[in-house]
Amino acid sequence: MSSDRQGPKRDRILEAAVRVFARKGFHNSRIAEIADEAGVASGTIYLYFKSKDEILISVFEESLDKIIRDIEAELEVIDDPRERLRTFIRRHLWLLREHRELAEVLQVELRQSHKFMKEYEPRHWVEYLNIIAAILKEGQKRGLFRPDISLGIFKRAVFGALDEIALHWVITKKNEGFLDRAAEQLSRLILDGATSGAKGMEARRAEPKLKRARLA
């Protein structure tokens, strides 16, 4: 994308779109309303985006890209995979709490876009899921997490739980304390399951190798 399609005006349009979508809903919002909110002419919108769907998808892509960078920076200084997982869960919900209008758009309005649900290639979403998978993989390598847990199932289960908690928070309009409690309980629930008997399972898996080594 050329540099003339980047910059403060484009950012202003996306920020305005978040406010309009959160206030009126995706289907009920018009390009003209986004333009008014951003303080630009309606025709200016089309210099940056082809359609309302493209605006919504851009909100998702750029928001998730920022979330990924924020979380990766925080996880980089944490060594223990168990604490990384706790931090990932807390940070995911904290970011939504700090940006409630954006949370409403990502959790509710994004699902209203046929283009997103049917045609979008979720590159950033896959990248986000792989952060979770990398935490599990490192924990398994160190014998902290059960070795029989599938990376694919684990990363989708964690994200699915976070997604459902965030959706419930948005729809029911619960206070921010709900997300703090949810982060603590979800972390404990997932870690209890992922770490239960991890050392014992590693030892049992190693037994046949040890027996073969003694017989050799």
Subject >> Unmet criterion (only one of (1) surrounded by 14 or more Cβ atoms within 10 Å (Cβ to Cβ); (2) without any contact (Cβ under 8 Å) to a residue 24 or more places away in the chain; (3) not assigned by TED's automatic domain parsing to the domain that holds Val158) for Asp11 >> reply: (1)
Original post:
What are the residue pairs meeting all of these: first residue in region 100-121, first residue more than 13 Å from Val59 (Cα to Cα), second residue surrounded by 11 or more Cβ atoms within 10 Å (Cβ to Cβ) and among the hydroxyl-bearing types (Ser, Thr, Tyr), Cβ atoms under 8 Å, and 6 or more apart or on different chains?
Top reply: Lys115/Ser51
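Please tell me if Lys137 is assigned to a helix (DSSP H, G or I), touching a helix residue (DSSP H, G or I) at 6+ places or on another chain (Cβ under 8 Å) and surrounded by 13 or more Cβ atoms within 10 Å (Cβ to Cβ).
Details: assigned to a helix (DSSP H, G or I): yes; touching a helix residue (DSSP H, G or I) at 6+ places or on another chain (Cβ under 8 Å): yes; surrounded by 13 or more Cβ atoms within 10 Å (Cβ to Cβ): yes.
Yes.
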Original post:
Given the conditions (1) in a loop (DSSP other than H, G, I, E, B); (2) in contact with a Phe, Trp or Tyr (Cβ under 6 Å, 6 or more places away or on another chain), and given that Gly143 satisfies all but one, which numbered condition is not satisfied?
Top reply: (2)
Original post:
Among (1) under 21 Å from Lys9 (Cα atoms); (2) without any contact (Cβ under 8 Å) to a residue 40 or more places away in the chain; (3) surrounded by fewer than 20 Cβ atoms within 10 Å (Cβ to Cβ), which single condition is Asp53 missing?
Top reply: (2)
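With the requirement that a residue be part of a helix (DSSP H, G or I) and out of contact with any helix residue (DSSP H, G or I) (no Cβ under 8 Å at 6 or more places or on another chain), what does region 69-99 give you? Show your work before the answer.
Residues of region 69-99 part of a helix (DSSP H, G or I): 69-75, 81-98.
Selection gives Arg69, Ala73, Glu83, Glu98.
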Original post:
If Thr87 satisfies every condition in (1) assigned by TED's automatic domain parsing to the domain that holds Leu102; (2) among the β-branched types (Val, Ile, Thr); (3) in contact (Cβ under 8 Å) with a residue 40 or more places away in the chain; (4) buried (at least 18 other Cβ atoms within 10 Å of the Cβ) but one, which is the exception?
Top reply: (3)
**OP:** Kindly check whether there is at least one residue in region 37-50 that is surrounded by 15 or more Cβ atoms within 10 Å (Cβ to Cβ) and free of Cβ contacts under 8 Å to residues at least 24 places away in the same chain.
**Re:** yes
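The values are calculated or read from the model by the stated rules, or taken from the named source; none is laboratory data. Source: prediction; values computed, not measured. Reconstructed Cβ throughout: ideal geometry from the backbone, glycine too, with neighbour counts over all protein chains shown.
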